[in-house]
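Step one of this worksheet: look at the structure below.
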Amino acid sequence: MNGYHIFSQFYDNLTFNVDYKKRADYIQSVFSLFGHEWGLSLDLACGTGSLTVELKKRGVDIYGIDGSYDMLSQAMDKAYDAGLDMLFLCQQMESIDLYGTIDTCICTLDSLNHITEKRKLQQVFDRVALFMNAGGFFLFDVNTVYKHQHILENNTFVYDTGDVYCVWQNSLRENNIVSIGLDIFEREGETYRRHSEHFKERAYEIGELREMLEKSGFTVRAVYNDMSTDPLSENADRAIFVAEMVEAINRE
């Protein structure tokens, strides 16, 4: 996500369809289902902080980490506007270094798909596990292989919000990696200014993710369809993982 320099300026405008209140409701309902209390919580790859701020407003003791200074600048502005005293740290997901342990970690909106090397994704899980207390929960979502192969694949999508016009071009590569090119046109009076971003996302098999989580010491409690507690379906475009750290890792 550290490639989101220009995109950070338009991220909220282009993701207007994401209902963060409903997503916060959903995550809270999932934790209630498992009888989990939030405790000290981390929003990993928090982006512009919309979900982090929403949860903080609800009384969750949460802070955010992202690899993009530009995204975090937006997040800090939102916290300030909401009158909230919040901590945001600029760190890469695979090398987070926290001040202490946490009881909950969330990572949403396909952030983990941006880790295209399996070795680095394992490092992410290892680092989260290292700082997770016994009984802690790690909830995250990922775009599925089905989505990469049948929805994103080599397709082009166009978004027009009035002030911003975006052309999203995908190219499906090996290992279910989609190379993404964004051409963003920002309205300036009667003309448009063009900006471009390029990044990649990788979809992992559900079994792969289970094995990696277990290798880090997590126990997978559930894999759901997005915004649901139904078991993951074959043609789901997004999977929700709920994992528990049953026994804390020896940190000595």
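What follows is calculated from the coordinates using simple rules that are stated; it is not laboratory data. Keep in mind that this is a model prediction, so the values were computed, not measured. Please note: Cβ atoms are built from the backbone with ideal geometry, for glycine as well, and neighbour counts cover all protein chains shown.
Numbers for the structure displayed
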item	result
Sequence-separation-based contact order of the chain, relative, with Cα cut under 8 Å and 6+ spacing, percent	18 percent
For the chain, share of DSSP beta bridges that run antiparallel, in % to the nearest 5	70 percent
Full-stretch length increase - Ala82, Lys22 - with 0.36 nm per residue and alpha-carbon distance subtracted	19.7 nm
Cβ crowding within 10 Å averaged over residues, with 129-140, 176-187 ranked highest first	129-140, 176-187
Calculated FRET efficiency for the pair Ser29/Asn154, C-beta based, R₀ 45 Å, to 0.05	0.80
Listed residue pairs exceeding 23 Å between alpha carbons, taken from Lys21/Lys78; Lys78/Lys147; Lys118/Lys147; Lys22/Lys56	Lys78/Lys147
Cβ-defined net charge surrounding Arg193, 15 Å radius [Lys, Arg +1; Asp, Glu -1]	-4
By average C-beta atoms within 10 angstrom, highest first, the peptides 155-164, 215-224	215-224, 155-164
Of Glu201, Glu211, Glu188, the one that fluctuates the most in a GNM where the chain has Cα springs shorter than 10 Å	Glu188
Among (i) 19.0, 62; (ii) 23.0, 68; (iii) 17.9, 62, the entry derived from the coordinates for Rg and Dmax of the Cα atoms in Å	(iii)
Dipole-positive endmost among Ile177, His198, Asn155 within region 147-201 (Cβ charges, Cα centre)	Ile177
Convex hull volume of region 147-201 per residue (C-alpha atoms, cubic angstrom)	66 Å³
Cut-off 14 Å between beta-carbons: net charge of the residues surrounding Ser228, Lys and Arg +1, Asp and Glu -1	-2
Charge context of Ile240, other residues only, Cβ under 15 angstrom, K/R +1, D/E -1	-1
Prolate/oblate/rounded label for region 192-252 (Cα gyration tensor, a/c 1.5)	oblate
Cα long-axis angle, helix 206-215 against the chain (0 to 90 degrees, to the nearest 10)	50 degrees
About the Cα centre, charge dipole magnitude for region 61-169 (Lys/Arg +1, Asp/Glu -1 at Cβ), debye	460 debye
